[in-house]
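Asks: Below is one structure. I have some questions about it.
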Amino acid sequence: TDGSRESAAVTFDDGYADNYTEAYPIIKKYEIPVTFFLTVSQIGRDWDFPDGPYPGLSWEDIRTMNNDPLISFESHGFHHLDLTRLSEEDSSIEIKSSRIILEENIGKTVRFFSYPHGSFNERIIEQVKEAGYQSAFSVISSSGDNYSRRRILISCRDNMFRFQLKLSPLYWPLRRIL
């Protein structure tokens, strides 16, 4: 963009199978560029939720979407753990291994990282930089630099009013009371 208009990026975290079966047909129909931040350990496996298992994306689905120029795949860690609660060694492994495995499987450079649970601190930022990522994102907070870019979480719990509010400049000042 030329900087004269506001813009938004469409991203999906985790890597659920419905990203392929439900979202991907809409992405293609409306030609929407989308980034999927994938949790590598869950690819081809079910997510374990309190209300039952929820299927993850398969490598086959990822490879199909990977051929589409509208789609990019980036890292959301290996096990979807709060990296700030792990040892320095374990958090480094989570950050590095997810990138290596994704790149081996999609044949493209993985440039961006989305912090699982939105959690990060200075140690995690340094590890993300050391792992070679160009930028990182969080749904919790931002200090405005390339390694704490802010994203807004949109979920199935958001009605149209909340969705519109989240897209307005009022959202960040009001988010704690919503």
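Asks: Please tell me if GLY132 is under 18 Å from the mean Cα position of the chain (by Cα), open to solvent by 30 Å² or more (accessible area, probe 1.4 Å) and closer than 19 Å to SER75 by Cα.
Replies: Judged against the criteria, GLY132 is a match.
Asks: Right, another one. State yes or no: is LEU102 within 24 Å of ASP48 (Cβ to Cβ) and open to solvent by 80 Å² or more (accessible area, probe 1.4 Å)?
Replies: The answer is no for LEU102.
Asks: Does segment 105-116 hold any residues that are over 14 Å from ARG149 (Cα atoms) and open to solvent by 50 Å² or more (accessible area, probe 1.4 Å), and which are they?
Replies: Answer for segment 105-116, where residues must be over 14 Å from ARG149 (Cα atoms) and open to solvent by 50 Å² or more (accessible area, probe 1.4 Å): GLY107, LYS108, THR109.
Asks: Let me ask you something else. Would a scan of segment 149-168 turn up a residue that is under 13 Å from the mean Cα position of the chain (by Cα), farther than 19 Å from LEU86 by Cα and not in a loop (DSSP other than H, G, I, E, B)?
Replies: Checked segment 149-168: at least one residue is under 13 Å from the mean Cα position of the chain (by Cα), farther than 19 Å from LEU86 by Cα and not in a loop (DSSP other than H, G, I, E, B).
Asks: Let me ask another. Would you tally the residues in segment 88-109 being touching a Phe, Trp or Tyr at 6+ places or on another chain (Cβ under 9 Å) and on the phi > 0 side of the Ramachandran plot?
Replies: The qualifying residues number 0.
Asks: When you check GLY144 against the structure, is it in a loop (DSSP other than H, G, I, E, B), on the phi > 0 side of the Ramachandran plot and modelled with pLDDT of 95 or more, yes or no?
Replies: no
Asks: May I pose another question? For segment 135-152: of the residues being among the basic types (Lys, Arg) and buried (at least 16 other Cβ atoms within 10 Å of the Cβ), which is farthest from TRP172 (Cα to Cα)?
Replies: Here the residue is ARG149.
Asks: Looking at ARG45, ARG63, ARG85, which one is basic (Lys, Arg), open to solvent by 30 Å² or more (accessible area, probe 1.4 Å) and within 18 Å of ASP13 (Cβ to Cβ)?
Replies: Going through ARG45, ARG63, ARG85 in turn, the sole match is ARG45.
Asks: Just the residues that are among the small types (Gly, Ala, Ser) and under 17 Å from VAL10 (Cα atoms), please, taken from segment 22-42.
Replies: The one that is among the small types (Gly, Ala, Ser) and under 17 Å from VAL10 (Cα atoms): ALA23.
The values are calculated or read from the model by the stated rules, or taken from the named source; none is laboratory data. Note that the structure is a prediction, hence the values are computed from the model and not measured. Reconstructed Cβ throughout: ideal geometry from the backbone, glycine too, with neighbour counts over all protein chains shown. For accessibility, only protein heavy atoms count, side chains too; no ligands or nucleic acids. Shrake-Rupley method; radii C 1.70, N 1.55, O 1.52, S 1.80 Å.
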